[in-house]
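*Asks:* Take this structure first; my questions come after.
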Amino acid sequence: MGDVMSIIKMKDIKKSYSEPVLKGINLNICKGEFVAIIGASGSGKSTILNIMGLLDIPTSGEYLFDGANIMKMTEDELANARNKKIGFIFQSFEKFILKKSSVLNNIILPLVYSDVPEHKWRQMAEDKLNAVGIKNKINNYMNQLSGGEAQRVAIARALINDPSVLLADEPTGNLDTKRSAEIMEIFLRLNRQGVSIVMITHEPHIAVYASRQIILKDGLVVGDEEDGL
Amino acid sequence: MIKFVRNIKTAISSIGSYKFQSFLSTLGIMFGAMSLVAMLSIGLGSRVALVKQLESLGENVIIIIPGQMSGRTSFGSKQDSLKSDDVEAIEAIENIKSVSPGIASSFPVEYLGNKSKPEVTGVAPSFMEIRRWQLQEGRFIEDYDIDTLKKICVIGQTVARDLFFNISPTGKSLSIGGKDFEVVGLLEPKGFSMSGRDQDNVIYIPFTTMQTKMLNQKHISFALAAAIDKKSMSSLCENIKSVLRECHRLGYYEDDDFTVMNQSEFSKQNEAMTRIMTILLGLGSFTTLISGGIGIMNILLASTRERTREIGLRIALGARRKDVLSQFFTEGLVISLGGAVMGVIVGNGISVLVSATLNWSMLISPIVSTASLLISVSVGLFFVYWPARKASRLNPIDALKYE
């Protein structure tokens, strides 16, 4: 696939904290792909997702996000890109929701930092809740929802700005098998609708939902297979 | 503007989510603003009352009291040093228009079973002119009353109300310290002095009557002298001092056994006293306000810790550092403003209550309220800045991982 279709392009990305975590990652993820990044604990999965999500800057290498070199972007430009082009889904979704707020207020959180006029927010929230199958919960409070429903709210929030890519960190980590399958079905449906997804997981039965699996080991890509359900 | 409105909405929503913490923060600022309003009202009220009182005293008035107000001889050490003869000597000084002695005491007063305990003062006829007071009815003490030690009196409004209700007191006979006095005049209402003294709860009688028939004493409590004009008041005071030193046969090395003050000196002393009082009261309430501010800071710092993950989440979702700073700052503004508004309302309420129950002079003004509001909000915002800055500088990854 050519550069025009590339959403994430990493060239020899290295990241060190007290010791090297990423030791030279080369990756090219295209628009419309559903990618799973698999690896054991400490393989660098979370670090690579943080860099992909513009929350962290590599120590060296080149990272082009949607064609823009992130090393040349200001903090505000990075924040703007996070807001408009990236949808985050976190592993412990219950920790990343505003528990004392309503479903609506949780979903529209990214819109607060966007230029979208306020009168459109509710409709946009309803559309995304519809996409994840819980439209009727819009006025509920988060503490009235089940774990599966809360994760769907997190997905709806990630989708609210129609991002270029959805970054999911262990999206089924805290869900049972049935709920995990339901979330993966949503991912597949969104991907079919054209949403690019990069998902981190350590569970092989979840990774198979993705059309491409990238295997990380000790900060390096050791496998890159195109094989999905 | 849209962002500002959004910030306010987000802040109110966050405050709603952290009701108890927000309530505690609001309380701190509220108490600060409340005491600031109340203290400023008392302090400034006293100064306004003092100015009024001094104005009523007259610019050309000189006050002579026994003993010294400063220096080696402590105040009140020679309370019997002033005599009626001194008054005559002062009267003879050039540029002195009139002098009145004053002998203050307190006696039970009664009229047909109605009782009162006003301040009874023996004065001369010139007293009324010196103090620029007016009569509502009847007459004041005259020279004839002084010469003949007449048992007549002029009463204030409170005494009239307590003893005579709605009846005109002139011509009635009342008992002062067991002796019958005829009421010859009623003074116009004067209200309360800055110290809370009811200036209408007074009775004036001829000073000679007071000295001879009531107290049997030669000395007087004070003397008031009026100058012909207000020019060269200080040299006139010096002349009075010389005359009195001569009358009292004081040696060269002996201190004055009296104090001579004119209105400006008296005013200066009292002004300084009330200014210190205002400053002290203001400082006290400012300290309360600072404590309130530190309270806000502590609670917001705790809130920043508690909401670390939320801040990380907001940054991940596109909030810029200035958005986080502005959100926390706006929360602080809403809390401070809420607390300050409540404090100003309660503070004014307390001022009204204290003023009504204790008869203290208090200045309840929009300027005091606005100033207290602005000071309280500024203190609140000052202490909000640090936690807000801390929140905005959080590393998003650390914040997202925070347990």
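Bear in mind that the values in this text are calculations on the coordinates, not laboratory data. This is a predicted model, so every value here is computed, not measured. Every residue, glycine as well, gets a Cβ built from its backbone with ideal geometry; the counts of neighbours run over all protein chains shown.
*Asks:* Using a 7 Å offset from Cα along Cα-Cβ at B:Glu254, what residues in segment B:208-226 end up with backbone N under 14 Å from the label point?
*Replies:* Correct set: none at all.
*Asks:* Right, something else. Net charge near A:Gly147: determine it from the other residues with C-beta under 9 Å of the C-beta of A:Gly147, scoring Lys and Arg +1 and Asp and Glu -1. Walk me through the intermediate numbers first.
*Replies:* Values: positive: A:Arg179; negative: A:Glu94, A:Glu149, A:Asp176.
Residues near A:Gly147 contribute -2 overall.
*Asks:* Taking a ≥ b ≥ c as the square roots of the Cα gyration tensor eigenvalues, with a/c under 1.5 meaning rounded and otherwise prolate when a/b beats b/c, else oblate, which class fits segment A:57-211?
*Replies:* Values: a/c = 1.79, a/b = 1.17, b/c = 1.53.
Because a/c hits 1.5 or more and a/b fails to exceed b/c, segment A:57-211 counts as oblate.
*Asks:* Moving on to the next point. How much length would be gained if the chain were fully extended between B:Lys322 and B:Glu238, taking 0.36 nm per residue of separation minus their Cα-Cα distance, in nm to one decimal? It would help to have the intermediate numbers written out before the result.
*Replies:* Working: separation 84, 0.36 × 84 = 30.24 nm, distance 6.90 nm.
Stretched fully, the B:Lys322-B:Glu238 segment lengthens by 23.3 nm.
*Asks:* What FRET efficiency comes out for B:Asn166 versus B:Phe20 if R0 is 56 angstrom and r is the Cβ-Cβ distance? Round to the nearest 0.05. Display every interim value, and only then the final one.
*Replies:* Working: r = 57 Å, r/R0 = 1.03.
With R0 = 56 Å, the Cβ-Cβ based efficiency is 0.45.
*Asks:* Apply 1/(1 + (r/R0)^6) to the Cβ-Cβ distance of A:Asn139 and A:Asp12, taking R0 = 45 Å, and write down the FRET efficiency to the nearest 0.05. Numbers along the way, then the final one.
*Replies:* Details: r = 49 Å, r/R0 = 1.09.
Here the calculated transfer efficiency is 0.35.
*Asks:* How would B:Thr158, A:Thr201 line up from fewest to most surrounding beta-carbon atoms within 10 angstrom?
*Replies:* Sorted ascending by nearby Cβ count, the order is B:Thr158, A:Thr201.
*Asks:* Which of B:Phe192, B:Met128, B:Ile240 sits closest to the plus end of the dipole of segment B:82-247, meaning its Cα is farthest towards the positive end, when Lys and Arg get +1 and Asp and Glu get -1 on the C-beta?
*Replies:* Farthest towards the positive end: B:Phe192.
*Asks:* Going by how many other Cβ atoms sit within 10 Å of their own, how do A:Ser18, B:Ser235, B:Ser175 line up, fewest first?
*Replies:* Working: A:Ser18 5, B:Ser235 10, B:Ser175 16.
Fewest-to-most ranking of A:Ser18, B:Ser235, B:Ser175: A:Ser18, B:Ser235, B:Ser175.
*Asks:* Next up: Apply the Karplus parameterisation 6.51 cos²θ - 1.76 cosθ + 1.60, with θ equal to phi minus 60°, to every residue of segment A:86-91 and state each ³J(HN,Hα) to the nearest whole Hz, in sequence, with x for glycine and proline.
*Replies:* Whole-Hz 3J(HN,Hα) from phi for segment A:86-91: 10, x, 9, 10, 9, 4.
*Asks:* Next question, about the same structure. Report the per residue volume, in Å³, of the convex hull enclosing the C-alpha atoms of segment B:82-247.
*Replies:* Values: hull volume 19.5 nm³, N = 166.
Considering the Cα atoms of segment B:82-247, their hull volume per residue is 117 Å³.
*Asks:* Another question, if that's okay. Rounded if a/c is under 1.5, else prolate if a/b beats b/c, else oblate: with a ≥ b ≥ c from the C-alpha gyration tensor eigenvalues square-rooted, which is segment B:73-153?
*Replies:* Oblate.
*Asks:* Still on this model: In peptide A:86-97, how many Cβ atoms from other protein chains are near each Cβ within 10 Å, on average? Write down the numbers at each step before the final one.
*Replies:* On the way: counts 3, 1, 5, 0, 5, 0, 3, 0, 0, 8, 7, 2.
Mean shielding by partner chains, rounded to a whole number: 3.
*Asks:* Here's something else I'd like to know. Using the Kirkwood radius over Cα pairs, work out the Stokes-Einstein diffusion coefficient for segment A:1-142 at 10 °C and 1.306 mPa s, in µm²/s as a whole number. Don't skip to the end; give the middle numbers.
*Replies:* Details: Rh = 17.2 Å.
After rounding, the answer is 92 µm²/s.
*Asks:* Additional query: To the nearest 500 deg cm²/dmol, what mean residue ellipticity at 222 nm is calculated for chain B from DSSP H runs of n ≥ 4 alone, each contributing -39,500 (n - 2.57), summed and divided by the residues? Please list the in-between numbers first.
*Replies:* Values: 12 runs with 220 residues, N = 403.
The per-residue figure over chain B is -18500 deg cm²/dmol.
*Asks:* Another question, if that's okay. Could you please report the charge total around A:Glu185, scoring K, R as +1 and D, E as -1 over all other residues with beta-carbon less than 13 angstrom from its beta-carbon? Provide the component values of the computation, followed by the final result.
*Replies:* Details: positive: A:Arg152, A:Lys178, A:Arg179, A:Arg189, A:Arg192; negative: A:Glu182.
Every neighbour counted, the sum reads +4.
*Asks:* Right, here's the next one. How high is the FRET efficiency between A:Ala181 and B:Thr357 when r is their beta carbon distance and R₀ equals 56 Å, given to the nearest 0.05? Could the numbers behind the result be given before it?
*Replies:* Values: r = 74 Å, r/R0 = 1.32.
That pair, A:Ala181 with B:Thr357, gives E of 0.15.
*Asks:* Considering all alpha-carbon pairs of chain B, what whole percent are spaced by more than 42 angstrom?
*Replies:* Numbers: 31653 of 81003 pairs.
Taking all Cα-Cα pairs of chain B, the fraction more than 42 Å apart is 39 percent.
*Asks:* Taking a 23 Å limit on the Cα-Cα distance, which of the listed pairs A:Lys14/A:Lys217; A:Lys85/B:Lys322; B:Lys97/B:Lys117; A:Lys137/B:Lys19 fall beyond it?
*Replies:* Values: A:Lys14/A:Lys217 14 Å; A:Lys85/B:Lys322 20 Å; B:Lys97/B:Lys117 33 Å; A:Lys137/B:Lys19 25 Å.
Table pairs above 23 Å Cα-Cα are B:Lys97/B:Lys117; A:Lys137/B:Lys19.
*Asks:* Here is a follow-up. Considering the convex hull of the alpha carbon atoms of segment A:179-229, report its projected area averaged over all viewing directions, in nm², one decimal. Could you put the intermediate results ahead of the total?
*Replies:* Working: hull surface 14.8 nm².
In nm², the orientation-averaged hull projection of segment A:179-229 is 3.7.
*Asks:* Where is the GNM fluctuation largest for chain B (alpha-carbon springs, 10 angstrom cutoff): B:Leu358, B:Leu317, B:Leu224?
*Replies:* It is B:Leu317.
*Asks:* In nm, give the distance between the simple-model label positions of B:Ser105 and B:Ser175, each being 7 Å from the Cα along the Cα-to-Cβ direction.
*Replies:* The two pseudo-label positions are separated by 1.7 nm.
*Asks:* Follow-up. Taking only complete DSSP H runs, can you tell me which helices of chain B stretch 18 Å or more along their own long axis by Cα positions and average at least -0.5 on the Kyte-Doolittle scale? Walk me through the numbers on the way to the answer.
*Replies:* On the way: long enough: B:2-17 (22 Å, 0.47); B:19-57 (55 Å, 1.07); B:233-247 (21 Å, 0.13); B:263-306 (62 Å, 0.40); B:321-358 (53 Å, 1.15); B:366-392 (37 Å, 1.09).
For chain B, where a helix must reach 18 Å along its axis and average at least -0.5, the hits are B:2-17, B:19-57, B:233-247, B:263-306, B:321-358, B:366-392.
*Asks:* Across 10 Å bins from the origin, how do the percents of Cα pairs in segment A:150-214 run, short distances first?
*Replies:* 20, 61, 18
*Asks:* Quantify how much of the Cα-Cα distance distribution of the protein assembly as shown extends past 35 Å, in percent. If you can, show how the numbers build up before the last one.
*Replies:* Values: 120596 of 199396 pairs.
Within the protein assembly as shown, distances greater than 35 Å cover 60 percent of Cα pairs.
*Asks:* On to the next question. Specify whether the C-alpha gyration tensor of segment B:273-357 places it in the rounded, prolate or oblate class, a ≥ b ≥ c being the square roots of the eigenvalues: rounded for a/c under 1.5, otherwise prolate if a/b is larger than b/c and oblate if not.
*Replies:* Cα axes put segment B:273-357 in the prolate bin.
*Asks:* Shifting gears a bit: Which value in nm describes the separation of the simple spin-label points at B:Ile290 and A:Asp76, placed 7 Å from the Cα toward the beta carbon?
*Replies:* About 3.7 nm separates the two model spin labels.
*Asks:* Order the peptides B:339-351, A:73-85 from the highest to the lowest mean number of other Cβ atoms within 10 Å of their residues. Present the calculation step by step, with values, prior to reporting the outcome.
*Replies:* Working: B:339-351: 21.9, A:73-85: 17.5.
Highest-to-lowest ranking by the protection proxy: B:339-351, A:73-85.
*Asks:* I've got another one for you. For a quick check: with amide H placed at 1.01 Å from N, whose amide H comes under 5 Å from A:Asn28's, ignoring anything fewer than 5 positions away on the same chain?
*Replies:* A:Met10
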